Amino acid sequence: MGCEAFTGMSSAATPQKATLSDIIERIDQLPQPPEVAMKASKLLEDPNCTAEQLAGLIKLDTGMTTQVLRLCNSASYGLNRKIETIKDAVAMMGFTALKSLVYTVLSHGTLNKPLQGYGLDKGALWINAVTCGVYAKYLAQQFQLQFPKQVSVDPEVIYTAAMLRDIGKLVLNDYVKQNYPKIAETAREEAIDFMEAEAEIIGFSHTTVGVQIADKWNLPERLSLAIGYHHTPSQLPTETSPADRQLVTLVHMADAFTMMLGSGIGGDGMMYSLDIKSIQDLGCNWDTQLDNIMAQLVDLNQVVKGLTESLLPVSSAKQ
Amino acid sequence: MATQIIEVVEMAQIVAVSNRSVLLHIPAIGASMAVILYDKPNHLVAVAHVVLPDSTVASPNNNAFGKPKGVNLDADANLIGKFADTAVPALLQAFKAQGGNPDQLESVRLVGGAQMFNFGGGSASLLNVGGRNEIAIRTALSRVGLPVHITHCGGNKVRELRIAVASGQALVKQIGDPPVVLEIA
C-alpha cells in the first residue's frame, strides 16, 4: 500500500475539472503496447485464430515468449513437466488458457506502474488486477458448476475483463492526485460511490475513461462493458445479452471481494457499494453465501502470488 | 545497527514471535482483522490475521454458489486461523507456547474491519463483514478471558500494519491520513 504516495499532494480548494480533449490527449499519451502485443490482442479475439497462429506471433517477441514461458512454468499452473517452447505451452495448456496467459503478460506491461493519485505503488494496480482476475475466473467456474444449464460464461474471458476493469485509473490518476481529499469527502458526505464522486469533482470517472481507452485500443465490446459497468452491473443497457450481463456481474462480485480482502487497494479503498440486485439476479443468495465465497477466495491468494512473482521482482510482489 | 527481519503475516496466519529483530508486516487489511497480543516483559508479540467471523457458516470445501455445509476443522488445520471463533483460542495457545504470560499482557489490540458502502440496500449487517469480524473477535476474546485495550477499526479504507517486536509498537497507515501509533494512553 502506497501510503507515502500522497506526500506533497495539492489540497487545492477549487476542484480541477477535466475536459474531454484533456482526457483524449492523455489516452493518446498512454504507452502503446508493443506491436506484437497489439497483434496478439487482436488475434485473441478472432474466432478463426488457430493455436499455431498465436504461437507463431508470440515467438516473434523474445520478451513476451520469455514471460509467457515463465508464467507457464510457475507453480500456479501446476503442470507436471517443464514447458520450454510456446508450441509446448499451447499443447499442454490449451488455446483458451494460453489466451488469458497472454493477456496477463499484456496487462503487466500496461498496469505495472505507480499511480500516486490512487496511492498505489508500482506493481499494486497490477497485483490488484491479477487478484480480481483470479477471483473472477474462480467465481465463473463455480457458477457454471452450480448452474450448468444457464448461459455459459467463459472463465478465461472473465479473467481478462476483471484484469482490465480499472484501466481508466491510468488516465485519471493525475486528476485524482490533485483532488483526492475533495473526492473522498464528497463520496462520504453525499453517500455516493468513489467513481461517482470522481465524475462530480473531475468531470469523468475511471469507468467512463476506461471505456474510452477500450474504444481507442479496439478492445472487444464485452470487455468494454465490464470496464464501464463493473461497479454498477444493474445499469447495463437493456439490450445487453444474458451472457455479457453474467460476465459483468461476476466481475463486479470479484471486484468487491478484492476490495474486502484488501489486495492492491488504493485511496479509493472500499468506497463503493454492492449491486445486490444484479448479484441476486445471478442466482447468488448473498445472505447465505457471502462468507462461504470469501473463505474460498482467500485460498486463491497463493495462486495470485505465484502468477505475480513470476513476472515481478520478488521484492515488489508482496500483497 | 541490527538487521531487521520483515515477516509478512498472511491472511489466516497465526504467529507468535519473540525475536527482537523481527518487524511483522500486514501490507493490506480490508474487512479482515489483526488481533495483536503483546507480552512486554517477554518481548513477545502474537498476531492472528482473521478473515471471517464464524467457522460454522463458511464452507471452503463446497461450491461457492451452493448451500454452506460448515467446516470440518479437523480435516484442515489451516482453516483455524481464518475464522474468529477458532483463531482467537489458537492465538492464545500459540502465545503461551512461545512463553507468553496472559497475566502480564500489556495490550490486546485490534486493527481492521473496514467495510464497503451500503446505501440503503438490504442485508446491511450481513454485508458488513468487517463489523461482524470485530464483534466475533471481541466475543472470542471474552470467552478466553482477554480484554480489548486499543482498536483501530471500521471505516472504508484499507490499512497497512507494522509491528516491531522489539518495542511492541504497532503503526497503522491509511492512504490520505497520517500514520497512527497504537499505544495505551
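For region A:258-284, the candidate set comprises residues that are more than 23 Å from residue A:198 (Cα to Cα) and part of a loop (DSSP other than H, G, I, E, B); within that set, the residue that is farthest from the other protein chains (Cβ to nearest Cβ) is A:282. Could you go through region A:206-222 and let me know if any residue there is within 14 Å of chain B (Cβ to nearest Cβ) and part of a loop (DSSP other than H, G, I, E, B). No: zero hits. Scanning region B:1-38 for residues that are more than 12 Å from chain A (Cβ to nearest Cβ), of a type outside the set (S, T, N, Q) and touching a His at 6+ places or on another chain (Cβ under 7 Å) returns a single hit, B:20.
Scan region A:285-303 residue by residue and report those that are of a type outside the set (D, E, K, R) and facing chain B (nearest Cβ under 7 Å). Don't jump to the end; show me each part of the working.
Here is the first cut: in region A:285-303, the ones of a type outside the set (D, E, K, R) are A:285-286, A:288-290, A:292-298, A:300-303.
Residues satisfying the conditions are A:286, A:288, A:289, A:290, A:292, A:293, A:294, A:295, A:296, A:298, A:301.
Considering region A:237-257, the residues that are hydrophobic (A, V, I, L, M, F, W, C) and within 14 Å of the chain's Cα centre (by Cα) include one that is surrounded by the most Cβ atoms within 10 Å (Cβ to Cβ), namely A:251. Every listed requirement among (1) without any contact (Cβ under 8 Å) to a residue 24 or more places away in the chain; (2) in a helix (DSSP H, G or I); (3) β-branched (Val, Ile, Thr) is met by residue A:58 save one, (1).
Looking at A:113, A:82, which one is away from chain B (no Cβ under 12 Å), surrounded by fewer than 24 Cβ atoms within 10 Å (Cβ to Cβ), free of Cβ contacts under 8 Å to residues at least 60 places away in the same chain and under 17 Å from the mean Cα position of the chain (by Cα)?
Values: A:82 fails: under 17 Å from the mean Cα position of the chain (by Cα).
Going through A:113, A:82 in turn, just one is away from chain B (no Cβ under 12 Å), surrounded by fewer than 24 Cβ atoms within 10 Å (Cβ to Cβ), free of Cβ contacts under 8 Å to residues at least 60 places away in the same chain and under 17 Å from the mean Cα position of the chain (by Cα): A:113.
Could you please let me know if residue A:196 is surrounded by fewer than 23 Cβ atoms within 10 Å (Cβ to Cβ), within 14 Å of chain B (Cβ to nearest Cβ), at pLDDT below 95 and more than 30 Å from residue A:149 (Cα to Cα)? Criteria not met by residue A:196.
Name the one entry in A:175, A:180 that is within 11 Å of chain B (Cβ to nearest Cβ) and not polar (S, T, N, Q).
When all the criteria are applied, what remains is A:180.
Can you find a residue that is out of contact with any Lys or Arg (no Cβ under 6 Å at 6 or more places or on another chain) and more than 26 Å from residue A:25 (Cβ to Cβ) anywhere in region A:166-185? Taking every residue of region A:166-185 in turn, at least one turns out to be out of contact with any Lys or Arg (no Cβ under 6 Å at 6 or more places or on another chain) and more than 26 Å from residue A:25 (Cβ to Cβ). Residues considered: A:214, A:191, A:197, A:161. Of these, the only one that is among the small types (Gly, Ala, Ser), within 15 Å of the chain's Cα centre (by Cα) and within 19 Å of residue A:275 (Cα to Cα) is A:161. So, residue A:234, is that one outside any helix (DSSP H, G or I) and touching a residue at least 24 places away in the same chain (Cβ under 8 Å) or not? Here the answer is no, as residue A:234 does not meet what is asked.
The set of residues from region A:160-193 being buried (at least 24 other Cβ atoms within 10 Å of the Cβ) and of a type in the set (Asp, Glu) comprises just one member, A:166. Within region B:101-113, restricting attention to residues that are modelled with pLDDT of 95 or more and either surrounded by fewer than 18 Cβ atoms within 10 Å (Cβ to Cβ) or of a type in the set (Gly, Ala, Ser) (or both), the residue that is farthest from the chain's Cα centre (by Cα) is B:113.
Only one of the numbered conditions (1) within 20 Å of residue A:30 (Cα to Cα); (2) surrounded by fewer than 18 Cβ atoms within 10 Å (Cβ to Cβ); (3) among the hydroxyl-bearing types (Ser, Thr, Tyr) is violated by residue A:234, and that is (1). Just for region A:127-156: of the residues that are among the aromatic types (Phe, Trp, Tyr) and under 26 Å from residue B:28 (Cα atoms), which one is nearest to the other protein chains (Cβ to nearest Cβ)? Of everything passing the filter in region A:127-156, A:138 is nearest to the other protein chains (Cβ to nearest Cβ).
Quick test for you: out of A:234, A:310, pick the one residue that is in contact with an Asp or Glu (Cβ under 7 Å, 6 or more places away or on another chain), more than 18 Å from residue B:29 (Cβ to Cβ) and more than 9 Å from chain B (Cβ to nearest Cβ).
Working: A:310 fails: in contact with an Asp or Glu (Cβ under 7 Å, 6 or more places away or on another chain).
Only one candidate qualifies: A:234.
Taking region B:22-37 as the range and being at pLDDT 95 or above and either surrounded by fewer than 21 Cβ atoms within 10 Å (Cβ to Cβ) or assigned to a strand (DSSP E or B) (or both) as the test, the residues that pass are B:22, B:23, B:24, B:25, B:26, B:29, B:33, B:34, B:35, B:36, B:37.
The values are calculated or read from the model by the stated rules, or taken from the named source; none is laboratory data. Here the structure is a predicted model, which means the values were calculated and not measured. Backbone-built Cβ (ideal geometry, glycine too); neighbour counts: all protein chains shown.
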